[in-house]
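The values are calculated or read from the model by the stated rules, or taken from the named source; none is laboratory data. Because the structure is a prediction, the values reported are computed rather than measured. Using ideal geometry, Cβ is built from the backbone for each residue, glycine included, and neighbour counts are taken over all protein chains shown. The area values use the complete protein model at the heavy-atom level, side chains included, leaving out ligands, DNA and RNA. Shrake-Rupley method; radii C 1.70, N 1.55, O 1.52, S 1.80 Å.
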Amino acid sequence: MLKSKLKGLSDRLKATINPATAKVTIAEKVTKRYSVEAELNKSVIAEGYQAGTAKVNPKKVSITGSQEVLDQIAYVKATISDEKDQKSDFDTTATVSAFDASLNKLDVEIEPGQVDVSVPVSKIGKTVPLRFQQSGNPADKTVAISSLTSEDNKVTVIAPESVTDDIEQITIPIDVTQITGDKTIEVKVPVPTGATSVNPTFVKVKIKTTKKQNDQSSNNDVNKSSGQTPEAPADKTPKTDNTTPPAKDDKDATDDDKSDTEDKQASTEFRDVPITITGLSNSESFNTTFIDPASGKVNITINGSQKEIDTVERSDFNIVADLTNLQEGIHTVPLAVHGLASSFTFTLTQSKAEIQVVKKVADASKQDHS
């Protein structure tokens with residue numbers, strides 16, 4: 001215990017210190033050299049662009065603290081947050097901080113406290129056309145879809161070049177089963193597998209309709225009620241016999257319509273599907289936390305034939321993040337979908353997840369006292 005003393009107070013004043021003593025832990029200071037890693041906040045780089053490997057100068061800093069604290073250092077980062085929406089190479093100055101494995105900032109002395117950082121920036125993404133595909137048929141049999149159009153007929157896919165090379169267009173199925181006339185709807189643009197995002201994320205689609213022509217069927221109804229066979233047109237040679245071909249059976253026509261509908265491409269979306277973590281060795285010894293998405297959930301859009309889409313249920317598949325061979329730290333891992341038939345295609349709202357893995361700390365109060 002050390003006694004507290006007050007210095008610099010005027011002789012005309014009286015003062016007391018409470019508490020009068022303080023307990024102080026004295027530890028030997030140790031200085032070590034650590035490499036610095038540049039870290040960019042998401043808002044630093046503009047959408048459609050990506051940062052390359054940043055160069056830090058100096059590459060190493062000296063950190064001073066007790067040996068106990070230095071042993072906790074897991075990351076030394078120069079965090080860039082002041083820059084916004086950068087679209088070209090830039091230089092900046094960043095403050096250096098030290099963190100433990102749980103990303104708690106440590107109270108240490110760092111020399112120098114700031115470093116120079118050079119960040120290369122390059123454009124990513126590809127602009128591709130949108131294609132709108134009719135899904136289903138209007139419930140009103142007198143209505144037909146004449147066109148599906150949008151002023152936003154192109155989108156930019158944000159993805160590495162290795163992904164965009166295989167993307168030539170994005171097809172969006174438009175459900176028209178409830179359409180009874182001209183209508184404008186807003187639809188979400190699916191994010192292709194492997195891509196980060198699309199811009200714009202929503203587009204407005206104009207659905208134009210037309211009334212089906214029933215003149216021929218009306219004439220047939222009139223002729224049927226009068227018992228007469230319609231006369232051949234004057235400019236054509238009459239048929240030598242009066243036998244008319246049998247009308248197609250109503251049941252056969254219905255079956256054909258059903259078959260056509262089942263073959264059409266359709267899609268369904270499942271929202272807020274939890275991500276399942278697998279592959280983590282000794283998983284009972286670790287805690288896992290989702291950083292991105294923070295909710296640990298994503299949306300999935302599944303595409304296939306109408307017949308197959310109608311049978312898909314939430315219990316048919318899982319969205320999985322595989323942490324095999326990974327231990328403590330923050331990891332970005334691809335997301336996979338298990339359980340879907342190979343005839344389906346799908347898109348996720350994001351193709352990767354950022355997950356923090358931290359070793360559990362033993363709690364003495366939970367030890368077995370039996």
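Structure summary
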quantity	calculated
Separation between Cα centres of the range 313-362 and the range 93-156, rounded to whole Å	19
Pairwise label distance in nanometres, ASP89 with GLN265, each label 7 Å out on the Cα-Cβ vector	4.2
Solvent-accessible surface (1.4 angstrom probe) belonging to LEU9, in square angstrom, nearest 10	80
Cross-link table LYS42/LYS352; LYS183/LYS297; LYS23/LYS359; LYS141/LYS183, entries beyond 26 Å C-alpha to C-alpha	LYS183/LYS297; LYS23/LYS359
Extended-chain gain in nm, criterion 0.36 nm per residue less alpha-carbon gap, GLU284 and LEU340	17.3 nm
